[in-house]
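Accompanying notes for the structure given below.
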Amino acid sequence: MIILGIESSCDETAAAVVADGTRIQASVVASQVAVHSPYGGVVPELASRRHIEAIVPVVDQALARAELTATQIDAIAVTRGPGLVGALLVGFSFARAYAYSLGKPWVGVNHLTGHIHSLFLSSDPPAFPFIALLASGGHTSIYYVTSPLSIELMGRTRDDAAGEAFDKVSKLLGLGYPGGGVISRISQEGRPGRIVFPRAYLDKQAFDFSFSGLKSAVRRYVETHPQTWKSETADIAAGFQQAVVDVLTAKLLSAARSRKCRRIAVVGGVAANQCLRQTLRDKADQEEISVFMPPVDLCGDNAAMIAAAGYHLLRAGKTGELADDVYSTKDLNT
Ligand code: KG4
Ligand code: ZN
């Protein structure tokens, strides 16, 4: 089954062609980073406008790269939520209209389910069951995944998402937006142990997160070291990154132990973080747990993961209805 995937939930306009939920034939991502970075974050109105400009060329490019015409695809899968409503509506309305005009089935996909399915696009996908950490700009949650569409929420952040913490700390340190990539680069020149920021483990038996205290601790450090903090940027970044990585790693491994599960995975934009990837590999190795991660270019938002999730929904007989609408907040299993 050849599926055209479409994603427009935040600041990436993306289209992809994926065969049987696993083989990427084309994946195009038009990033809006340049549009939003002067504002230090995503401006919803600008995102919607940019999606409208980009959606047709991005879909055309994906089909061209896959060397297919629209009539040769079997179905369309599109992100339905969660995300920015105005941004979602562009991809969703386009996909629905395109599917009806082609006479093809279509299905709405939960963006978070999509991130989990990015794992099945790698050359080394996990077997079931596995414990997945989703760490992105909007979400930080742990799931117990027993089949492609059986995804149980075990814990989630009570305040900021991990990626959001990277973005806010980056802004605080004057390093720009988005923050994940730049913080991780600068951290390589810093000493992670010199400035120790707090790790919020909350209830050790539970799998919820909190990152707002960590962000406030970085702000306090900057405010109480007005003369020196700029020259310490790399150490601050490294100390902050280490605190995030330690908590994410500890909670994910602890969730795996609680279910006696020997497979863990990490997905979402923050899964591109090299310190997190390496730390997880090292720690999991010590406990003989296998770690699965998508390739770095599939960690951030893309449409291939939406097509991969859509494949399983369509096979399960789910299809979109003309009256369906997007949603801004909703967890998995929609
Ligand atoms: O999954 P994603 O592209 O979009 C959402 O669904 O939110 O994740 C974007 C987030 C941003 O907050 C960004 O700063 C973070 O992922 N990110 C990273 C890295 N690359 C992107 N965080 C840490 N280290 C990275 N290398
Ligand atoms: Zn995402």
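The values are calculated or read from the model by the stated rules, or taken from the named source; none is laboratory data. In this text the structure is predicted, and so the values were computed from the model without any measurement. Cβ: placed from backbone, ideal geometry, glycine included. Neighbour counts: every protein chain shown.
At-a-glance table
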item	result
Residues that are among the acidic types (Asp, Glu) and more than 23 Å from the chain's Cα centre (by Cα), drawn from the range 273-326	Asp285, Glu287, Glu288, Glu321, Asp324
The range 263-294, residues that are within 20 Å of Leu112 (Cα to Cα), touching a Lys or Arg at 6+ places or on another chain (Cβ under 9 Å) and away from ligand 2 (no atom under 16 Å from the Cβ)	Val291, Phe292
Tally, over the range 246-267, of residues that are farther than 19 Å from Ser147 by Cα and either acidic (Asp, Glu) or crowded, with 24+ Cβ neighbours inside 10 Å (or both)	2
Residues of the range 107-119 that turn out to be touching a Pro at 6+ places or on another chain (Cβ under 8 Å) and either assigned to a strand (DSSP E or B) or of a type in the set (A, V, I, L, M, F, W, C) (or both), as a count	3
Residue within the range 59-66 that is assigned to a helix (DSSP H, G or I), under 19 Å from the mean Cα position of the chain (by Cα) and within 25 Å of Asp324 (Cβ to Cβ) present	no
Those residues of the range 149-167 which are away from ligand 2 (no atom under 16 Å from the Cβ) and in contact with a Ser or Thr (Cβ under 9 Å, 6 or more places away or on another chain), in sequence order	Leu149, Glu152, Leu153, Met154, Gly155, Arg158, Asp159
Scope the range 79-106; condition assigned to a loop (DSSP other than H, G, I, E, B) and within 14 Å of ligand 2 (Cβ to nearest atom); matching residues	Pro82, Gly83, Leu84
Some residue of the range 22-33 being within 15 Å of ligand 1 (Cβ to nearest atom), assigned to a helix (DSSP H, G or I) and at pLDDT below 95	yes
Residue satisfying condition, being in the same structural domain as Ala70 (by TED's automatic domain parsing) and in contact with a helix residue (DSSP H, G or I) (Cβ under 7 Å, 6 or more places away or on another chain), within set Val107, Val169	Val107
From Ser122, Ser101, Ser150, residue being polar (S, T, N, Q), under 18 Å from the mean Cα position of the chain (by Cα), more than 22 Å from Pro44 (Cα to Cα) and modelled with pLDDT of 95 or more	Ser122
Every residue from the range 134-192 that is polar (S, T, N, Q), within 13 Å of ligand 1 (Cβ to nearest atom) and over 16 Å from Val270 (Cβ atoms)	Gln188
Among the residues listed as Ala161, Ala206, the single one being touching a strand residue (DSSP E or B) at 6+ places or on another chain (Cβ under 8 Å) and at pLDDT 95 or above	Ala161
Residues being surrounded by fewer than 24 Cβ atoms within 10 Å (Cβ to Cβ) and small (Gly, Ala, Ser) - total across the range 90-119	5
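The rows are residues; the columns are (1) more than 16 Å from ligand 2 (Cβ to nearest atom); (2) touching a residue at least 12 places away in the same chain (Cβ under 8 Å); (3) not hydroxyl-bearing (Ser, Thr, Tyr).
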| residue | (1), (2), (3) |
| --- | --- |
| Ala75 | yes, yes, yes |
| Ser123 | yes, no, no |
| Pro126 | yes, yes, yes |
| Gly138 | no, yes, yes |
| Gly180 | no, yes, yes |
